[in-house]
Amino acid sequence: MKPAPFTHHRPKTIEEALELLEALEDAELMAGNQSLGIVMANRLATPDHLVDLNGVSELTYIDNTDDGVRIGAMTTHRTLERSDLLAEALPMLPEAAEQIAGPSVRNQGTIGGSIGEADPAGNYPAALLALEGSVNLRSADGTRSVPVSEYFIAYMFTDLREEELIESVSVPTEPFPPARTGMAFLELKRAAQTFPTVSAATAVRVDDPTAADPVVEDARIALANAADVPLRVEDAESVLEGEPLTEDGLEELTEIVTGAVTPEGEMHADREYKEEVAGEYAKRSIEQAYDDAVAASNS
Ligand SMILES: Cc1cc2nc3c(=O)[nH]c(=O)nc-3n(C[C@H](O)[C@H](O)[C@H](O)COP(=O)(O)OP(=O)(O)OC[C@H]3O[C@@H](n4cnc5c(N)ncnc54)[C@H](O)[C@@H]3O)c2cc1C
């Protein structure tokens, strides 16, 4: 099937894009068109106007800020995957980016499009939730910043308003100094070109990586495709904090995560299986993050 007819608009600035969004009836933003193109080709969306952001170069950047990193909405998965700045400061993000689909999707797809799509199986929503990031939204009336924990409201439903666009995401680097931190993004996938069955985004900061049994000072655990929104499991984080990583701690974490998730069953993975995978992948991801935190002082 072909998309229903629409008018294509190609603004050059954020202001122009916002003016179009306000002036046009039934307009949809277009970023990398990797998801929207499929939805429109199947006529599940039939907007009269497409506001194509590919000419808005001011939306593409990865910058250091006073307290972290800011990533422009039109930054592609490929650029995130290859960013030295992110590899050093927030390695969970390049790891999440490099596992998205194949090269053609990663060359075109953007972080703004992923957050705009708001698929609970998406890689960045879970990663940004674990890292306590925020989404910076802009309309003709100004900007506002929404914590990721409040942005995803229900299945593919967000706090984004009709007249707004996602301008960027902000991600704090506190409390994760590279020399004492490990991060991991681990996913179970049936094939490269599918969304994962379940993913686990984790971060660990230890007190002293050179100690015999480094103590976990801070842990983060968030999951994708394990509920109708990305899900953080703070109860599982707190069982790890204040202790070295132990088998008992990992077992408790697995049980808590398995009990906390509320996934939808899928053709290849029923609900019970996904609950078990969520617990197991949260555990493995934390183990990897902890090992990386302990090794971090040597790198
Ligand atoms: C085969 C395949 C496999 C995939 N596997 C994965 C995977 O494993 N993990 C994963 O995370 N993703 C996966 N994806 C999705 C991929 O990451 C998409 O690129 C992404 O979700 C959409 O990004 P896009 O830039 O193409 O956005 P588009 O498709 O252009 O837009 C998607 C939605 O976001 C809205 N939007 C876009 N930009 C903005 C903005 N700046 N402000 C507000 N709204 C905006 C659009 O209006 C639209 O509703 C897969 C996609 C495909 C095709």
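Descriptive notes on the structure:
- Single condition His8 does not satisfy, out of (1) part of a strand (DSSP E or B); (2) within 12 Å of the ligand (Cβ to nearest atom): (2)
- Residue count for the range 164-187 under the criterion of being within 16 Å of the ligand (Cβ to nearest atom) and surrounded by fewer than 18 Cβ atoms within 10 Å (Cβ to Cβ): the result is 0.
- Extreme residue, nearest to Asn33 (Cα to Cα), among residues of the range 68-89 that are polar (S, T, N, Q) and either open to solvent by less than 10 Å² (accessible area, probe 1.4 Å) or out of contact with any Ser or Thr (no Cβ under 6 Å at 6 or more places or on another chain) (or both): Thr75
- Counting the residues of the range 129-162 that are among the acidic types (Asp, Glu) and within 11 Å of the ligand (Cβ to nearest atom) gives 1.
- Thr210 vs. criteria of a type in the set (Ser, Thr, Tyr) and within 16 Å of the ligand (Cβ to nearest atom): no
- Failed item, numbered, when Met92 is tested on (1) closer than 21 Å to Ala179 by Cα; (2) surrounded by fewer than 24 Cβ atoms within 10 Å (Cβ to Cβ): (2)
- Any hit, the range 98-115, residues being charged (D, E, K, R) and in contact with a helix residue (DSSP H, G or I) (Cβ under 9 Å, 6 or more places away or on another chain): yes
- Residues that are in a loop (DSSP other than H, G, I, E, B), near the ligand (Cβ under 9 Å from one of its atoms), closer than 18 Å to Arg232 by Cα and among the polar types (S, T, N, Q), drawn from the range 188-207: none
- Flag not set for Arg190, criterion: at pLDDT 95 or above, open to solvent by 10 Å² or more (accessible area, probe 1.4 Å) and among the basic types (Lys, Arg).
- Scan of the range 202-259 for residues that are of a type in the set (Gly, Ala, Ser) and closer than 15 Å to Ala296 by Cα, ordered by number: Ala203, Ala211, Ala212
- Listed by first and then second residue, the pairs with beta-carbon distance under 9 Å, at least 6 apart or on different chains, first residue in the range 99-128 and among the hydroxyl-bearing types (Ser, Thr, Tyr) and more than 6 Å from the ligand (Cβ to nearest atom), second part of a helix (DSSP H, G or I) and at pLDDT below 95, form an empty list.
The values are calculated or read from the model by the stated rules, or taken from the named source; none is laboratory data. Not measured: the values here are computed from a predicted model. Positions of Cβ are backbone-derived with ideal geometry, glycine not excepted, and every protein chain shown enters the neighbour counts. Heads up: the accessible areas ignore ligands, DNA and RNA and are worked out on the full protein's heavy atoms, side chains in. Shrake-Rupley method; radii C 1.70, N 1.55, O 1.52, S 1.80 Å.
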